[in-house]
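See below for the structure under consideration.
The values are calculated or read from the model by the stated rules, or taken from the named source; none is laboratory data. What you see is a predicted model; the values in this text were computed from it and never measured. FYI the Cβ positions are ideal-geometry reconstructions off the backbone, even for glycines, and counts take in every protein chain you see. With ligands, DNA and RNA removed, areas are computed over all heavy atoms of the protein, side chains included. Shrake-Rupley method; radii C 1.70, N 1.55, O 1.52, S 1.80 Å.
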Amino acid sequence: MIADALGGSWVKTEATHPTGRTRRTADWLRLPDSSPPHPDAVVEMARASGLTLVAPSQRDPLRATSYGTGELLLAAARAGARRVWLTLGGSATVDGGTGAASALGWRFLDRAGRPIPPGGDGLRSLERIDPPARPLDARVTALHDVDHPLLGPRGAAAVFGPQKGAGPVEVDLLERGLERLADRITRDLGLDVSNLVGAGAAGGLGAGAVAFLGGSLEPGIDRIIDVTPFERLLGGADWVMTGEGRLDATSFRGKVVGAVAARAAAATVRLAVLAGDLALSPADVRERGVEWVAGLIGPAVPVAEARQDAARYLREAARSFAQERLV
């Protein structure tokens, strides 16, 4: 979306795979217009450390690392980017951003002064955090699409760990590791990141962006809307249509659907939502300003099958919308 609105070029960079075992080619976006509010570059963490890069049988958030994301940030800074948007979401990791920070020179050490193992499980042995000799020469704004904190029942481990392959035992280990990380950040860096809005995004990279990159956390969709022609297009529309994988209460807290709903309501434009799975009642949907909604597939359809037939599902939904609302 940003590339479509602002142009720019994709820069290919070698980066560490989230399993940490191989290298892969990822890319980041260099933008031509660097005047505020536009950034110089956009780094999408999912391109280097995303869940879709790891086969389901190999997903292991106890060991998955965000190191590749740090390599993309470093590449962008070395290429001259001074304002970088880091988009969070879709991660394979629950390492609190320590992998990305390690690529930038941060050291995470155990009691014996040795580097802790990569991944969320290694955080439990963390005893000291050492900053790099030279910080990243770029101002980072981390854009999140969820408002979850780092810790607790709504935190990175409890909510998102199971999506990345963690069972109850692994979720507990990940939570303990993130607790340890938050404690060491407070002790060594003088920052409290445990309850920041969005700190739990991307396996805790939201917290890491603040602690290790000196960055700020902001709702991503608001920033993106501000640099696209969305408002201008909305002004001449009768309907606006948006989408969501699973439409539930969290869809209206910092995600695309919630932001679009708010802007549509302000412009008195009617809102339609296409959702893969619909987890809200008709009354809940109407209460949130949605006038028409389609649950395309439901939870029983495997993700691979849904992706393969996505065009068919969208055509059927568009046909239903036209028949019900545009006649």
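Note on the chain: semi-axes of the ellipsoid equivalent to its C-alpha gyration tensor, largest first and rounded to whole Å, are 35, 23, 18. Accessible surface computed residue by residue for the stretch 219-320, with neighbouring protein chains in place and a 1.4 Å probe, gives 54 Å² per residue. With contacts taken as Cα pairs under 8 Å at a separation of at least 6 residues, the chain carries a relative contact order of 13 percent. In a DSSP loop and with at most 10 other Cβ atoms within 10 Å, the trypsin sites (Lys or Arg not before Pro) in the stretch 14-116 are Arg21, Arg111.
Counting only protein heavy atoms and a probe of 1.4 Å, the accessible surface of the chain is 51% carbon and sulfur.
In order along the stretch 179-193, the phi-based Karplus estimate (6.51 cos²θ - 1.76 cosθ + 1.60, θ = phi - 60°) of 3J(HN,Hα) comes to 4, 4, 4, 4, 5, 5, 4, 5, 6, 8, 10, x, 10, 10, 9 Hz; Gly and Pro are listed as x. For Arg24 and Leu191, the difference between the fully extended length at 0.36 nm per residue and the C-alpha to C-alpha distance is 56.8 nm.
Based on DSSP H segments of at least four residues, each scored -39500 (n - 2.57), the chain has a per-residue ellipticity at 222 nm of -9500 deg cm²/dmol.
Spatial offset of the stretch 37-109 relative to the stretch 214-252 amounts to 23 Å, using the alpha carbon center of each.
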